Amino acid sequence: MKIAMKKLLALSVIAFACAANAQAQQTKLTFAMSGWTGFAPMTLAKEAGIFKKNGLDVEIKKIPQKDRHLAIASGDVQCAATTVETWISWNANGVPTTQMFQLDKSFGADGIVVKPGITKFSDLKGKTIAVSAPGTAPYFTLAWMLKKNGMSIKDVKLVSLEPQAAANAIIAGVADVDAAMTYEPFLSAVRAKPEAGKIMATTLDYPMVMDTVGCTPKFLSDNPKAAKALADSYFEALEMIQKDPKKSFEIMGADVKQTGEAFEGSQKYLRWQDRAANQKFFASEHAAFSKEAGDLLMELGIIKSLPDMTKLADTRFLK
């Protein structure tokens, strides 16, 4: 009996030590993002225990895009999700960051919504558009669309509203707002109220909204295994969506106060990017888009000079 008790005690000690060791190996990481539908697999990775399984203790903070770089600069956040051109702005303005992998491409999930009577971009001349602050994806998307139509930000009036409030302004018929830049899930709210306004153009017409995950160079240097685990966790989340879409949509929808069915509808307007798509994207498309985006950011005065464009991404975590 004594021998059995000793064995049981020894096994308990070993189990406790293993659990303690596993806990000690969890790398803490604070990740900044918004409620954008394309970022949702990161929420899924956390809520479904994928991060934890891969040795990560991830805290997700919802921080508006216009403030995300400040959180990184302060050291409160090590990694974030944002659009490709935003990383150029952050690096150019003294916030060193490196992209690791691509999350999504917008296929109609970002767009400009307008009041009845406005049918083309030239109709927007002198009109008031609700859009996020300079340096954000909606602002850049508006500038991109205007430029492709022979116009510029100087041809319109701007009022600063975040995507949800911007969409709501159109739905509510706010008198001094003629158009708004927004994205899913708020774009679908406008789709559901055609009498209030319509979607004039989206990223189906102008395919230029692409989101990536990046971290500070220090975090990547100090925690290469954790960085690899972050990328792997994202790809595992995509696999979960394929295997169990109903449960996945419910988890991701709950984070943005949508039902699973409503979230499934929102995600149809974007494409999450798997490992193969990532490798293809970073092989050529990333550099080409970054060059064109950098030139526009210079025109807009958001950056005064280009950062080192060869150091915007580190693809070793895609393998």
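The values are calculated or read from the model by the stated rules, or taken from the named source; none is laboratory data. None of these values were measured; they are calculated from a predicted model. Ideal geometry is used to build each Cβ from the backbone, glycine not excepted, and the neighbour counts take in all protein chains shown.
Odds and ends about this structure:
- Applying a threshold of 6 Å to beta carbon distances and a minimum spacing of six or more residues, or different chains, the list of pairs starting in the stretch 136-156 at a residue that is under 24 Å from Leu70 (Cβ atoms) and ending at one that is in a helix (DSSP H, G or I) and among the charged types (D, E, K, R) reads Thr136/Lys66; Phe140/Glu85.
- Residue in the stretch 277-285 that is in a loop (DSSP other than H, G, I, E, B) and in contact with a Leu (Cβ under 9 Å, 6 or more places away or on another chain) present: no
- Spans of strands (runs of 3 or more DSSP E) in the stretch 69-128 with at least 3 residues closer than 21 Å to Phe317 by Cβ and either in contact (Cβ under 8 Å) with a residue 60 or more places away in the chain or of a type outside the set (Ser, Thr, Tyr) (or both): 79-83, 98-106
- Of all residues in the stretch 253-269, those satisfying the criterion of being assigned to a helix (DSSP H, G or I) and closer than 13 Å to Ala40 by Cα are Gly253, Ala254, Asp255, Gly260, Phe263, Glu264, Ser266, Gln267.
- Qualifying residue in the stretch 131-138 (condition: over 27 Å from Ser89 (Cβ atoms), part of a loop (DSSP other than H, G, I, E, B) and not basic (Lys, Arg)): no
- For Ala276, the conditions (1) aliphatic (A, V, I, L, M); (2) under 18 Å from Glu59 (Cβ atoms); (3) more than 18 Å from the chain's Cα centre (by Cα) are fulfilled apart from (2).
- Taken as a whole, the stretch 150-163 holds at least one residue that is modelled with pLDDT under 95 and in a loop (DSSP other than H, G, I, E, B).
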